[in-house]
Amino acid sequence: MRKQTIAALCIIGASALLSATALVSAETDAQQAETVVTNNGGITSLRGNVELNTQQQPEELKKVITDRDPISRQYVHQPPVIPHSIRHYEVDLNANKCLSCHSWKNAPESGATKISPTHFETREGMTLSDVSPRRYFCLQCHVPQADAKPLVKNNFKPVDALK
Amino acid sequence: MFKKLMAWLSHIWLLMRSPSSASLGFILFLGFFGGIIFWGGFNTGMEATNTEAFCSSCHAPIVEEIKETIHYSNRSGVRAICSDCHVPHNWTDKMIRKVQASKELVAFAMGTIDTPEKFYQRRRHLADREWARMKKNNSQECRNCHEFAFMDFSEQGQRSVKMHSTALANGDKTCIDCHKGIAHKLPDMTGVEGWH
């Protein structure tokens, strides 16, 4: 009986010691993490001039233009921007939601702008019977617009023909 | 053996046929409360198989897909769960759909779509079936919430007005004809009307 009590006490003592050392080591780890010196060299990036380990308060999300008339282009070969919301529009191997209105077949009924004939051409200029795979992912060039102030000041003026 | 069974059955039959000595009130009481408990239990069971948790216990990958759509999360928190669109709300239609769904248990046991590969292979078939169902009942599950009679065109975008005030209004098209894949990813859409 007495032997058992001693053994039990030993086990309790050992486990207490172990957990205490674990706690101590965890604390030192935390201290080390805090004292890691970060320095962005005073460079302002897209996330602002903040240290890596501080979380910048994000800006308010911009509201995308839901639906309006086509937005005029600023230069001759500019891909027209999207004047409507495209939330959850799928463009992938299985489906292309854009083409369900903008394809040549569907455009007359939907009243949407037809995709340009250039989208049927290969890199070498050969015209294909359908949209060229290199032009399939519409959002690579055409993007929806938000009602936001430009991030950078811009003095660009459209050419005379587009004014 | 057979004789014994027959004897037992005829005994039960006799018992069921002969009037009981219990009071009519007691029998009515039993029937009444038995009815409440049976109907309540049945309804609870039906409701339990209509919850998001129940659906996602097998259809987890699809439930994952709805999370980025407006029917899962939006500004006002009014939302639709699986059964709102996939189980008719009308009682008789609901029972019919529930019985049909028992076939899905067989598919589950056979592992028809138990890997992502098998699921993607079969996805178009499954989607076709669901689109056909919604086309047939004039997109009733959409209309349970989105009532055409109360749509304010002046509040809709010009693209929406163009379609809703013409094809939808005169019954040429129903919701599902255009609004495919609004809560899920789409299957291979080759040959689907209106897609490219």
Original post:
What's the number of the condition B:Gly191 fails, among (1) away from every other protein chain (no Cβ under 11 Å); (2) within 19 Å of the chain's Cα centre (by Cα); (3) under 21 Å from A:Lys105 (Cβ atoms)?
Top reply: (2)
Original post:
Pick from the range A:54-111 the residues that are among the acidic types (Asp, Glu) and part of a loop (DSSP other than H, G, I, E, B): which of them is farthest from the other protein chains (Cβ to nearest Cβ)?
Top reply: A:Glu59
Original post:
What pairs come up if the first residue lies in the range A:73-85 and is in the same structural domain as A:Phe137 (by TED's automatic domain parsing), the second is loosely packed, with under 13 Cβ neighbours inside 10 Å and not in a loop (DSSP other than H, G, I, E, B), and their beta carbons are under 9 Å apart, counting only those six or more places apart or on different chains?
Top reply: A:Arg73/A:Leu162; A:Gln74/A:Leu162; A:Tyr75/A:Leu162; A:Val76/A:Ala161; A:Val76/A:Leu162; A:Gln78/A:Leu162; A:Pro79/A:Gln140; A:Ile82/A:Leu139
**OP:** Taking the residues in the range B:57-72 that are of a type outside the set (Val, Ile, Thr) and not in a helix (DSSP H, G or I) as candidates, determine which candidate is surrounded by the fewest Cβ atoms within 10 Å (Cβ to Cβ).
**Re:** B:Lys67
Original post:
Of these, B:Glu147, B:Glu193, B:Glu155, which one is modelled with pLDDT under 90, out of contact with any Cys (no Cβ under 9 Å at 6 or more places or on another chain) and acidic (Asp, Glu)?
Top reply: B:Glu193
Original post:
Among the numbered criteria (1) surrounded by fewer than 10 Cβ atoms within 10 Å (Cβ to Cβ); (2) in contact with a helix residue (DSSP H, G or I) (Cβ under 6 Å, 6 or more places away or on another chain), which single criterion is violated by B:Asn50?
Top reply: (1)
Original post:
From the residues in the range B:158-186 that are without any contact (Cβ under 8 Å) to a residue 60 or more places away in the chain and of a type in the set (Lys, Arg), which one is surrounded by the most Cβ atoms within 10 Å (Cβ to Cβ)?
Top reply: B:Lys180
Original post:
Residue check: is B:Asp152 within 14 Å of chain A (Cβ to nearest Cβ), charged (D, E, K, R), surrounded by fewer than 14 Cβ atoms within 10 Å (Cβ to Cβ) and out of contact with any strand residue (DSSP E or B) (no Cβ under 9 Å at 6 or more places or on another chain)?
Top reply: no
Original post:
From the list A:Val81, A:Val64, A:Val76, A:Val152, which one is under 29 Å from B:Leu168 (Cβ atoms) and out of contact with any His (no Cβ under 7 Å at 6 or more places or on another chain)?
Top reply: A:Val64
Subject >> Count - residues of the range A:115-144 that are surrounded by 15 or more Cβ atoms within 10 Å (Cβ to Cβ) and not aliphatic (A, V, I, L, M) >> reply: 9
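The values are calculated or read from the model by the stated rules, or taken from the named source; none is laboratory data. Predicted, not measured: the structure shown is a model, and the values here were computed from it. Because the Cβ atoms are built from the backbone with ideal geometry, glycine has one as well, and the counts that use them run over all protein chains shown.
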